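Quick note: the coordinates plus some simple rules give every number you see, no bench work behind them. Since the structure is predicted, the reported quantities are computational estimates derived from the model, not experimental observations. Cβ: placed from backbone, ideal geometry, glycine included. Neighbour counts: every protein chain shown.
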Amino acid sequence: MSLKADLLHFVIRIIQTTLFFVPLRLAQKLGAVFGFIAYYFFPQHRKLTLGNLKFCSMNTSIAHRVFVNQGKNLFELFKFYRLNKKNIDKFVKLEGKEFLDKALNYKKGVIVLIAHFGNWELLSQTLVLHGYKFNATARKVYINQLERLLMKIRESKGANIITRREQGTIKETFNVLDRNELLGMLIDQNTKAARGVYINFFNHRAYTPTALVRIALKTNSTVIPGFIHRQKNDTHILEIMPPVRFSYEGNQEDKIMKNTQILSDIIESQVRKYPDQWVWFHRRWD
C-alpha cells in the first residue's frame, strides 16, 4: 500500500475513534469544519468543483457548501452504529413509502435509482430499518483496509452490498429481484469501466452506465427514484418518488438510450433543486 493510502487510512481511523465518544450533533459540526478545511487543503478537488459548476452555469458560490456537506456525510457515517428502529425517524423522515410497497406487490423486485446525492450512504440504512430487504451495487475501494471498514458500516444494519466487477455480481443482481427485494443502483458518475452511453446531463454530453436500464428491461422490474437530502437542522428527508415511466419505442439500443436519458433527467432535477448536495468534485464530463 502506498504512503498516501497509509496516511488516508490513518486519518480515517483517527476520525472514527474520535467520533465514537462524541454525540451526533457535535459530530456533524466537526464534519462541517472538516469539509470547510478540506476546501482549501484539496486544491485539485476545489478546482474541479468550481470548474464543473461554471461548466453547468451553476452558482460557483455554493462550492464551499459542497465540501461542508460532504464533511458532514463522512462524519455521520461513523455514527450509523447508533441508528435503530426506534430512533431512525428522528434523524430521517421517510416519504413515499407507499410507492415501494405497491411496486413490491408485483413480485418482480424494485430497482431504486440512487445518486451520489445528500448522504446517500444513509439511504440504505433507513430502508433496512424500515423493514425492507435492501441490496446495492457498489464499486470496490482499492485500499483494502478502507474497503473492509466501509463494508462493515454499510452492512451493519442488514443491507447487502454487491461489489461490481466481481465473479457472480450479475447473477446476484438478478437473484435479488427474483427474491422480490430492493436493488439500489447509482448511474450518476463517469465510470468508463462500465458499459454505457453518452446522454445529455446539464446540457452537456456525459457518459452514463446503462446496467440499471438493461436489467429493468430484462426483468420488467419497477424503477423507483429515491433521493435523500439534508435539512437546515441536519436531519434528513428520504423521498421515494413515483415509479419511472419507461419508453418502449424503437429497438433495444433506442430503449436503452431513451431510458438512460429519462433517469439522468430525474437526477439532474434533484441536483438543480439542491445543488450543494451533489458530489461536484467528480469528473462527470469528458
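Descriptive notes on the structure:
- By the beta-carbon count within 10 Å of each Cβ, the least crowded to most crowded order of GLU249, GLU95, fewest first, is GLU249, GLU95.
- In the stretch 104-242, the ratio of gyration radius to Kirkwood radius, Rg to Rh, stands at 0.95 when only Cα atoms are counted.
- At full extension, VAL33 and THR17 could sit 4.0 nm farther apart than now, given 0.36 nm per residue minus the alpha carbon distance.
- Taking the fewest neighbouring Cβ atoms within 10 Å as the starting point, the ordered list for TYR248, TYR198 is TYR248, TYR198.
- Applying the criteria of a DSSP loop state and at most 15 other Cβ atoms within 10 Å to the trypsin sites (Lys or Arg not before Pro) of the stretch 228-286 yields LYS232, ARG245, ARG283.
- Full extension of the chain segment joining ASN190 with LYS273 gains 27.7 nm, where the gain is 0.36 nm per residue of separation less the Cα-Cα distance.
- Separation of alpha-carbon centers, the stretch 43-117 and the stretch 155-232, rounded to whole Å: 15 Å
- Summed side-chain charge close to LYS72 - residues other than LYS72 whose Cβ falls under 15 Å, Lys, Arg +1, Asp, Glu -1: +2
- Applying a DSSP loop filter and a limit of 16 other Cβ atoms within 10 Å to the trypsin sites (Lys or Arg not before Pro) in the stretch 166-220 leaves ARG179, LYS192, ARG195.
- Projecting the Cα positions of ALA38, PHE20, LEU212 onto the charge dipole of the chain (unit charges on Cβ atoms of Lys, Arg, Asp and Glu, taken about the Cα centre) puts PHE20 furthest along the positive direction.
- Charge tally in the Cβ shell below 12 Å around THR60, where Lys, Arg are +1 and Asp, Glu are -1, THR60 excluded: +3
- Sites listed here are chymotrypsin sites (Phe, Trp or Tyr not before Pro) in the stretch 1-79 whose DSSP assignment is loop and whose Cβ has at most 13 other Cβ atoms within 10 Å: PHE20, PHE21.
- Taking 0.36 nm per residue of separation and subtracting the current Cα-Cα distance, fully stretching the chain between ARG179 and ILE266 would add 28.6 nm.
- GNM remark for the chain: springs join alpha carbons under 10 Å apart, and the peak mean-square fluctuation among GLN44, GLN125, GLN28 falls on GLN44.
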